[in-house]
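What follows is a single structure, written as structure tokens, with notes after it.
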Amino acid sequence: MYHLIVFLPLLGFLIAGLFGRVIGPRPSELVTTGLLVVSALLSWVAFFQVGYGSGATRVQVATWFASGGLVVDWALRIDTLTVVMLVVVNTVSALVHAYSIGYMHEDPHRPRFFAYLSLFTFAMLMLVTSDNLVQMFFGWEGVGLASYLLIGFWYEKPSANAAAMKAFIVNRVGDFGFALGIFLVFVLFGSTVYDEIFPRVGEFANATFRFLGYEWHALTLACLLLFMGAMGKSAQFLLHTWLPDAMEGPTPVSALIHAATMVTAGVFMVARLSPLFDAAPTALVVVTVVGAITAFFAATVGLVQNDIKRVIAYSTCSQLGYMFVALGVGAYGAGIFHLFTHAFFKALLFLGAGSVIHAMHHEQDMRNMGALRSRIPFTAAVMTIGTLALIGFPFTAGYYSKDAIIEAAFMSDRPGHALAFVLTVAAAFMTSFYSWRLFFMTFEGPARWDGSHGHAHAHAHAAAGSHLADGAPGHHEGVAHDNKGHDIEPASHSDLEHGHHGPLQPHESPLIMTVPLAILAVGALLAGIVFSGRFIGHGAEQFWKGSLAPSQLKILDEIHHVPAWVAWSPFVMLTLGFVLAFWMYLRRPGSAARLAAQHPILYRFLLNKWYFDEIYDVVFVRGAKWLGRFLWKKGDGAVIDGLGPDGVSARVFDVTRGVVRLQTGYVYHYAFVMLIGVAALISWYLVVGTSGGH
């Protein structure tokens with residue numbers, strides 16, 4: 001069964017990728033989607049067998065390679081943590097595949113798109129089923145490659161190419177640290193296999209390692225390097241800049257990357273290595289603080305974004321911060337539980353946003369929407385469910401997992417927990433505000449799409465007095481943009497050729513798109529209440545069965561005994577956020593624009609994402625370009641080529657050109673040269689011969 005779960009997506013990739021042009025788009029869609037559905041159903045079977053039974057096992061696939069003392073098997077580690085991730089990855093991926101049949105129905109390159117989706121899923125499955133760090137790194141890099149291909153799927157758009165490269169390069173920064181961490185673990189333990197590392201962690205409790213001229217606590221250094229990889233893959237503060245730009249890919253890609261797969265890889269990795277991190281408390285403090293700052297930072301930026309997908313993207317970044325806070329304070333089960341519930345409601349929000357974009361003929365700027373609830377009522381209903389789950393409304397999925405993280409941050413006794421509690425509570429308020437802001441701007445208020453504009457030239461235009469009117473223009477799928485966000489030209493792919501002329505008429509999405517939304521809505525409503533007892537309740541020990549560090553049981557028990565004001569604080573925050581958004585965007589629609597005008601510096605600071613892109617451009621990008629250009633022009637061109645191959649060939653050419661001039665055809669010229677040669681030979685003989693005689 002586990003072979004099928006892992007390799008059916010790979011089979012779909014091979015069929016659609018190699019034979020897609022032969023069999024055509026529709027068979028490619030059906031084959032890849034059908035295989036993912038089977039894999040998802042089997043994943044649920046495995047989930048109940050392992051999580052609720054005793055089906056944990058290890059499945060040997062092959063011996064990968066052996067080099068000296070390093071022996072790496074290709075094996076599938078099946079325990080509770082694995083099957084939770086199998087459910088998340090395959091369920092969301094199968095629904096995204098099905099949704100994409102409707103969303104991408106006019107794109108001529110559908111076989112390539114579905115092949116990439118299946119490749120992405122297979123790489124993620126390799127990551128979560130890994131039995132050792134080398135296999136995890138293989139899946140880790142495979143996910144990075146597939147995300148590059150998916151983000152840049154519409155390669156006619158310069159912005160999509162730039163976003164794909166940005167994601168790839170920023171992740172390489174984190175992956176460099178991840179690779180160093182793996183090397184250090186092997187140096188310490190002589191193995192990369194989890195079952196050989198975890199039992200021996202205590203042996204290195206006081207071990208040190210010299211790195212960059214300093215003596216480090218060995219396990220702390222290893223965990224910090226490993227966490228550096230998690231920061232890149234899970235878009236944590238300082239390595240987050242690639243995540244919003246990833247919106248340049250098709251909306252189903254956004255749902256797949258941001259909901260269940262790539263961005264959660266870092267969370268999974270820290271949870272998988274929880275016995276290692278438990279022995280490095282300083283590293284866990286770093287995890288806590290970075291997660292808390294990320295949750296707060298991303299929430300502040302989400303307050304003012306106008307692109308519907310970018311708001312949800314920053315929401316993802318913020319929620320990943322919550323997950324790392326849980327891991328940092330030792331509540332590993334709560335972090336994975338939030339990963340589990342988040343997959344449902346965040347995929348629902350992204351695919352719901354895709355349904356809105358589809359209805360609006362690929363308009364993404366919320367300032368050009370409004371009053372859509374009457375036109376696309378089903379999409380509005382499921383977006384309401386997703387919003388409620390995201391803000392943690394009582395008895396939705398997010399309520400159980402998000403509140404547990406806030407409570408764990410309060411009850412923890414580890415350094416940094418107070419900062420984490422304050423920032424996560426503040427982020428809960430902002431999350432509620434920007435989530436309802438998105439809903440009200442999109443589905444309520446006056447219709448701002450009633451003009452006569454086609455999708456291909458749907459420039460963002462301000463609707464002053466009803467929203468934050470001075471924001472940057474929204475990005476529209478299929479429209480290329482310059483670096484200021486302005487439309488340059490429509491993309492050529494036929495996914496966008498709706499032939500729409502005249503007044504815009506929003507329409508509900510087809511059944512193939514709404515059914516996945518309905519399934520995800522059920523998960524967003526029920527995943528928390530059904531599974532909370534197992535993930536973080538009194539049945540946690542029997543559920544996790546040692547797949548997470550057992551130290552978590554103490555904090556998971558303590559979160560059930562928090563003071564009442566702590567338990568109520570998230571609800572108070574979400575209520576305040578709702579009231580403020582309702583007042584600013586429905587009751588007093590001009591207040592948002594006035595507030596932005598009164599605080600232009602703060603507004604621009606948030607709108608420009610704390611200017612991290614600009615800072616990185618000055619500090620890193622321009623410097624790297626200058627260095628590259630210098631090495632190219634001066635190093636390679638002037639020095640290596642000038643003095644090396646090009647220089648030698650040039651001197652040979654100069655000599656031969658001079659010699660050729662002697663070929664005049666006159667006998668007395670040749671006689672003169674012969675005379676010079678004889679004189680030179682006699683002179684040489686006299687000098688060398690005389691010296692030799694002595």
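A few points about this structure:
- Largest-first principal axis extents of the Cα set of the stretch 345-391 (Å): 26, 18, 16
- Taking Cα atoms only, the orientation of helix 281-302 departs from the longest principal axis of the chain by about 80 degrees.
- Taking other residues whose beta carbon is less than 15 angstrom from the beta carbon of residue 84, and scoring Lys, Arg as +1 and Asp, Glu as -1, yields +3.
- Summing Lys and Arg as +1 and Asp and Glu as -1 over all other residues whose Cβ lies under 15 Å from the Cβ of residue 647 gives a net charge of -2.
- By average C-beta atoms within 10 angstrom, highest first, the peptides 264-277, 31-44: 264-277, 31-44
- Partner aspartates and glutamates for residue 625 [C-alpha distance under 16 Å; skip if fewer than 8 residues away on the same chain]: 613, 614, 617, 636
- Per-residue Karplus couplings for the stretch 417-424, computed as 6.51 cos²θ - 1.76 cosθ + 1.60 with θ equal to phi - 60°, are listed in order as 5, 5, 4, 4, 4, 5, 5, 6 Hz, Gly and Pro entered as x.
- 3J(HN,Hα) along the stretch 303-310, derived from phi through the Karplus expression 6.51 cos²θ - 1.76 cosθ + 1.60 where θ = phi - 60°, amounts to 4, 10, 5, 10, 7, 4, 6, 5 Hz, with x in place of Gly and Pro.
- Over the chain: helical MRE at 222 nm, DSSP H runs n ≥ 4 each giving -39500 (n - 2.57), nearest 500: -21000 deg cm²/dmol
- Residue-by-residue Karplus 3J(HN,Hα) for the stretch 136-150, coefficients 6.51, -1.76, 1.60, Hz, glycine and proline x: 4, 5, 4, x, 4, 6, x, 5, x, 5, 5, 5, 4, 5, 6
- Amide H to amide H distances under 5 Å link residue 76 with 59, 60, 61, where only residues 5 or more positions off or on other chains count and H is placed in the peptide plane.
- Highest mean packing comes first when the peptides 197-203, 367-373 are listed by Cβ atoms within 10 Å, giving 367-373, 197-203.
- Positive minus negative residues near residue 569 (Lys, Arg vs Asp, Glu; Cβ under 13 Å): -1
- Residue 586-residue 655 FRET efficiency (beta carbon distance; Förster radius 56 Å; 0.05 resolution): 0.05
- Three principal axis extents describe the C-alpha atoms of the chain; from largest down they are 110, 70, 57 Å.
- Mean projected area (nm²) of the alpha-carbon convex hull when the stretch 67-135 is viewed from all directions: 5.8
- Residue 448 long-range amide H proximity, modeled H, under 5 Å: 369, 370
- Mean Cβ count within 10 Å, highest first, over the residues of peptides 175-181, 186-192, 645-651, 608-614: 175-181, 186-192, 608-614, 645-651
Every number here is computed from the coordinates shown, using simple stated rules; none is lab data. From a predicted model like this one, the values you see are computed outputs, not experimental measurements. We place every Cβ from the backbone using ideal geometry, glycine too, and count neighbours over all the protein chains shown.
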